[in-house]
1. For the stretch B:6-26, which residues satisfy the criterion of being aliphatic (A, V, I, L, M) and modelled with pLDDT of 80 or more?
2. A:Ala145 passes all but one of (1) touching a Gly at 6+ places or on another chain (Cβ under 9 Å); (2) at pLDDT 90 or above; which number fails?
3. Any idea which of A:Ala108, A:Ala75 is surrounded by fewer than 22 Cβ atoms within 10 Å (Cβ to Cβ) and farther than 22 Å from A:Ser25 by Cβ?
4. Among the residues of the stretch B:17-30, are any surrounded by 15 or more Cβ atoms within 10 Å (Cβ to Cβ), more than 14 Å from every other protein chain (Cβ to nearest Cβ), of a type in the set (Val, Ile, Thr) and not in a strand (DSSP E or B)?
5. What's the total number of residues in the stretch A:114-126 that are at negative phi and either within 12 Å of chain B (Cβ to nearest Cβ) or without any contact (Cβ under 8 Å) to a residue 12 or more places away in the chain (or both)?
6. Give all pairs with beta carbons closer than 7 Å in which a residue from the stretch B:1-23 that is farther than 16 Å from A:Asp162 by Cβ meets a residue that is among the hydroxyl-bearing types (Ser, Thr, Tyr) and not in a loop (DSSP other than H, G, I, E, B); count only pairs at least 6 apart in sequence or on separate chains.
7. Check every one of the strands (runs of 3 or more DSSP E) wholly within the stretch B:145-199 and list those with 3 or more residues that are out of contact with any Cys (no Cβ under 7 Å at 6 or more places or on another chain) and not aromatic (Phe, Trp, Tyr).
8. State which residue is modelled with the highest pLDDT when the search covers only the stretch B:49-62 and only residues that are surrounded by fewer than 17 Cβ atoms within 10 Å (Cβ to Cβ) and closer than 20 Å to B:Met81 by Cβ.
Amino acid sequence: MKIYQHYSIYGFSNAYILGNEETSSAIIVDPAEVTTTMIDQIEHKSYSLKAILITHNHIHHCRGLKTLMRIYEPAVYASNKKIFDIVCRKVRDQDSFEEAGFSIKALAVPGHSQDSMIYSIGPYLFTGDALHAGIIGKTTSSFNAQALFERLETKLQGYPDDTMIFPGHGPPSTLGTEKKFNLGLRSDYAERLHPSYDFFVQ
Amino acid sequence: MYRKMPCGAAGCEETTFAGSPYCRTHHPSPQEAVKLLIDGIVGERSAINIDFSRIALNVGDFSRIRFVGCNFGKTSLSHIMFTGASFRLCFFDTACLDSCDFSGVDMDFCSFGDVDIFDCSFENSELIHVNFDGSRIKESTFSSSNLYDSRFILSDIENSRFDDCDFKRVYFMPKKAVSISTVGSNITEAVKDMEHIYL
């Protein structure tokens with residue numbers, strides 16, 4: 001597997017192309033935008049774009065979807081039925097499927113958004129906005145922060161510490177580093193957020 | 001990329017070592033395997049998708065070499081020169097770096113999580129989207145570097161210099177920061193508390 005990371009100035013987000021040289025096919029995770037570099041990487045390697053995986057439907061993670069659908073005919077996987085009127089193959093928690101020769105497992109981790117998914121592909125986790133290096137995704141309430149914390153803790157159990165994390169924003173990390181140093185994975189994280197959220201409801 | 005192959009010895013569950021078909025225990029000459037790997041990289045001037053994990057290296061010159069998709073996890077590197085090298089998608093998590101020179105490097109989308117960094121220089125470098133979370137950084141310098149979108153969450157930083165650095169979109173939230181110099185840096189641009197996280 002070859003992984004190409006692309007940084008999008010629009011929303012400061014990461015898009016990933018995953019190429020399988022054995023099957024000459026590729027998938028894209030979160031097309032924040034489509035650049036000529038991305039198209040070049042797909043075309044120069046003669047990859048056939050088989051699928052697009054959307055971690056959640058925030059605009060800065062799927063803005064390039066329409067453009068890609070005009071050029072290629074990939075299947076779009078998301079926990080939504082439709083994104084921009086594009087029909088998606090709806091994935092649910094623990095769903096497993098194969099695309100481009102990769103075995104992919106979807107993990108539902110609502111909290112940052114209700115449709116947040118993590119895609120587990122081999123020793124890599126594409127975490128979208130659920131888990132970043134050092135922090136977890138921003139939530140709209142301490143209840144959602146606690147829910148996201150509990151789901152991450154439950155669903156990432158059993159993955160080895162050297163599992164590599166490719167987030168929707170910011171630098172990469174490993175699961176071992178996140179377990180030890182992620183501020184959002186500390187049990188008192190949601191409690192400490194209370195004052196800032198309570199400010200709005202008082 | 002970062003693929004770990006099982007050791008060729010029957011019944012062994014360890015992963016292969018330094019590009020050889022065996023793990024460190026079953027390799028007849030681990031030192032020779034490391035030497036062969038390094039000679040190959042220096043000759044080719046590039047290292048693509050190489051697994052360096054658990055290698056211990058004392059003294060070496062990897063100046064101006066291009067590293068892509070390499071795993072340096074759990075390595076122990078001492079007095080290694082990476083001057084002017086370029087790094088893309090490289091992982092150094094839980095490594096131990098002692099007196100290594102990363103000055104003038106062009107580094108993008110790499111991870112140094114939970115790393116011991118002692119007496120290392122990252123001066124005059126492009127350190128873009130680099131994760132230093134949980135690292136113990138001592139007696140080191142990052143001066144005159146672009147740290148755009150890098151993270152120093154819960155790191156221990158002592159006696160280190162960050163003079164004339166670009167802190168734009170940097171998450172600078174160390175657990176401990178003793179004798180840090182940030183002269184001439186736009187440290188006010190850095191995110192320093194949870195209230196200002198905007199992802």
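The values are calculated or read from the model by the stated rules, or taken from the named source; none is laboratory data. Everything numeric here is computed off the predicted structure, so don't read it as measured data. When we count neighbours, we look across all protein chains shown, and the Cβ atoms used for this are built from the backbone with ideal geometry, even at glycine.
1. Residues satisfying the conditions are B:Ala9, B:Ala10.
2. (2)
3. Step by step, each of A:Ala108, A:Ala75 is checked, and only A:Ala108 is surrounded by fewer than 22 Cβ atoms within 10 Å (Cβ to Cβ) and farther than 22 Å from A:Ser25 by Cβ.
4. no
5. Number of matching residues: 4.
6. Filtered contacts from the stretch B:1-23: B:Cys7/B:Thr15.
7. B:156-161, B:176-181
8. The selected residue is B:Asp61.
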